[in-house]
2 protein chains.
Amino acid sequence: MLTEDQRERLEVVLVSPRNPLNIGAVARAMANFGFARLKVVAPYAPHWQEARSAVGAEALLGAATETATLAVAVAGCTLVAGTGTLAYRKPEQRVVRLPDLGLLLRREMERGGRVGLVFGPEKHGLTREDLSYCHLLVEIPTDARQPSMNLGQAAAVCLYELSARAFAADEATKGTASSSATAAASARLELLAGVVEQTMVAADYSPAAMREANRHDLRLLLRRLGPSERDARRILGLFRRILWKLDR
Amino acid sequence: MLTEDQRERLEVVLVSPRNPLNIGAVARAMANFGFARLKVVAPYAPHWQEARSAVGAEALLGAATETATLAVAVAGCTLVAGTGTLAYRKPEQRVVRLPDLGLLLRREMERGGRVGLVFGPEKHGLTREDLSYCHLLVEIPTDARQPSMNLGQAAAVCLYELSARAFAADEATKGTASSSATAAASARLELLAGVVEQTMVAADYSPAAMREANRHDLRLLLRRLGPSERDARRILGLFRRILWKLDR
């Protein structure tokens with residue numbers, strides 16, 4: 001869904017990640033949503049080694065760049081977005097809700113910019129100093145009772161928003177419901193209604209005086225159900241069989 | 001962002017989860033996005049115990065319900081959405097891309113329905129049998145080179161879409177489809193499927209060897225039709241009458 005150029009224009013930056021499982025989870029989410037460039041700032045060396053050498057580690061972990069500071073990591077970025085909970089601090093820069101971030105980053109990438117998406121350490125998040133390298137802060141709208149997200153999950157949600165939402169906006173508009181089956185034509189529904197009605201009669205479903213009302217209700221029911229052409233034929237086959245059996 | 005009523009109308013259902021960390025991650029994502037109802041189907045007992053007793057486990061893990069089968073877990077749901085990779089199988093029901101799912105689920109919840117969001121075991125995902133209890137399949141748009149998501153991350157992305165996207169879209173779409181009827185709950189569809197199946201047998205609809213396949217197809221058919229509670233009861237009444245007549 002992303003072009004190679006677009007993939008190249010987003011850097012995911014992890015500042016001092018601690019948990020190797022979280023590092024792996026971020027890498028996996030990147031691969032899931034088609035991003036390839038990972039930078040890791042001042043990682044805790046043993047855990048970083050463990051994450052990189054883990055069985056099944058993404059190729060992109062192997063290709064990840066390590067830098068000593070956030071300043072170096074985002075040096076080539078034209079727009080840097082910092083993530084984290086805003087519950088405990090007063091933001092000093094513009095705050096953008098995640099659902100609004102995608103298109104903003106996309107526009108930056110399309111005008112030739114390079115975007116950095118920065119995640120802080122698991123425990124404390126980005127420091128005020130870290131945040132000073134960010135053009136804006138991303139707010140993932142979470143419940144006030146449990147606002148703080150797991151690193152791997154926060155990354156997945158952000159990358160989903162960017163990849164499947166912002167960049168899919170074009171695709172979504174062209175031919176969405178192509179896979180849905182053709183609805184049965186009215187004539188088919190009438191045929192079906194006729195056979196069901198005969199079945200009702202054969203089964204003494206209701207007194208003769210009710211038949212007119214039943215026919216009307218049945219017609220409405222079939223349209224509420226709105227079976228596909230194939231399903232209507234299936235149901236017709238079943239009722240024909242039942243009718244044949246009842247008539248014997 | 002979600003009302004208490006909305007929180008109550010979504011069930012997250014995990015089928016045979018293995019990894020306690022994943023169970024915890026799903027619970028955390030639920031708490032992050034304001035959902036509270038978790039059901040676990042046939043969990044691997046030691047890992048389920050471990051997840052529940054983990055330090056910092058969410059209250060909702062303690063309150064989670066355990067069921068033996070998926071049928072029981074979703075019995076009260078009027079709309080069941082199954083998740084998983086579609087790369088390896090041909091879907092038998094409607095496929096909805098995640099960005100389009102939120103509003104659909106929201107509408108169902110607003111008309112008084114109850115929604116089930118079902119996740120399969122980590123390794124193999126939902127089986128064909130599991131999927132036959134689902135009205136639709138959710139497709140998370142992922143990169144073809146790495147389509148398969150981690151369980152906790154997939155749950156986070158789905159719940160984000162529902163909570164932060166669908167319910168945040170708010171005032172714009174308020175009160176659109178308020179008049180439509182409540183969908184039949186999964187348990188009602190199962191009851192109906194049972195009676196239709198007996199009718200098929202009584203009418204010698206197909207050879208005994210086909211019954212298993214017919215049952216599967218019937219379950220899918222009823223979910224495609226998606227009758228309202230009232231319509232499901234009407235159809236049930238008709239088939240009971242037919243069955244009674246055939247049995248005489």
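Since every read-out is calculated from the coordinates, none of them should be taken as a lab result. Only a predicted model underlies this, so the values are computations on that prediction, with no experimental measurement involved. Glycine gets a Cβ as well: all are built from the backbone with ideal geometry, and neighbour counts include every protein chain shown.
With label points set 7 Å from Cα along Cα→Cβ, the inter-copy distances at B:Arg240 are 3.0 nm, sorted shortest first. Just to confirm the number: angle between the C-alpha axis of helix B:229-247 and the first principal axis of chain B, 0 to 90 degrees, nearest 10? Approximately 40 degrees, to the nearest ten.
Each Lys and Arg Cβ is given +1 and each Asp and Glu Cβ -1; about its Cα centre, region A:4-174 then shows a dipole of about 260 debye. Note on the protein assembly as shown: semi-axes of the ellipsoid equivalent to its C-alpha gyration tensor, largest first and rounded to whole Å, are 49, 22, 20. With a threshold of 25 Å on the Cα-Cα distance, the over-threshold entries among A:Lys39/A:Lys123; A:Lys39/A:Lys90; A:Lys90/A:Lys123; B:Lys39/B:Lys90 are A:Lys39/A:Lys90; B:Lys39/B:Lys90. Between copies, A:Ala45 shows label-point distances of 4.7 nm, shortest first, with the point placed 7 angstrom from Cα along Cα to C-beta. In chain A, a dipole from Cβ-located charges (positive for Lys and Arg, negative for Asp and Glu) runs towards its positive end, and of A:Leu192, A:Thr142, A:Ala36 it is A:Leu192 whose Cα lies farthest in that direction. For region B:67-75, the Karplus equation 6.51 cos²θ - 1.76 cosθ + 1.60, evaluated at θ = phi - 60°, returns couplings of 10, 7, 9, 5, 3, 6, 4, 9, 3 Hz by residue, with Gly and Pro reported as x.
May I ask which residue of A:Leu218, A:Gly62, A:Gln93 lies farthest towards the positive end of the charge dipole of chain A, with charges of +1 (Lys, Arg) and -1 (Asp, Glu) on Cβ and the Cα centre as origin? Toward the positive end, the furthest listed residue is A:Leu218.
Helix B:151-160 and the long axis of chain B differ in direction by around 90°, with both axes built from C-alpha atoms.
Dividing the mean sequence gap of close Cα pairs (under 8 Å, 6+ apart) by how many residues region B:4-173 holds gives a relative contact order of 31 percent.
Placing +1 on each Lys and Arg Cβ and -1 on each Asp and Glu Cβ, with no other charges, gives the protein assembly as shown a dipole about its Cα centre of roughly 1300 debye.
Each of A:Leu79, A:Leu38 was scored by other Cβ atoms within 10 Å of its Cβ. Listed from fewest to most, they are A:Leu79, A:Leu38. Ordered by the count of other Cβ atoms within 10 Å of each Cβ, fewest first, B:Thr67, A:Thr83, B:Thr182 give B:Thr182, B:Thr67, A:Thr83.
In nanometers and ordered shortest first, the copy-to-copy spacing of the B:Lys123 label point, defined 7 Å from Cα toward Cβ, is 3.7.
For helix B:20-32, what angle does its Cα long axis make with the longest principal axis of chain B, in degrees from 0 to 90 and rounded to 10? Helix B:20-32 sits roughly 80 degrees off the main axis of chain B. Provide, for q = 0.24 Å⁻¹, the log10 of I(q)/I(0) from a solvent-free Debye sum over equal Cα point scatterers in region A:186-247. Debye intensities relative to I(0), on a log10 scale: -1.02. Taking 7 Å steps out from each Cα toward its Cβ at A:Gln49 and B:Asp100 produces label points 5.0 nm apart.
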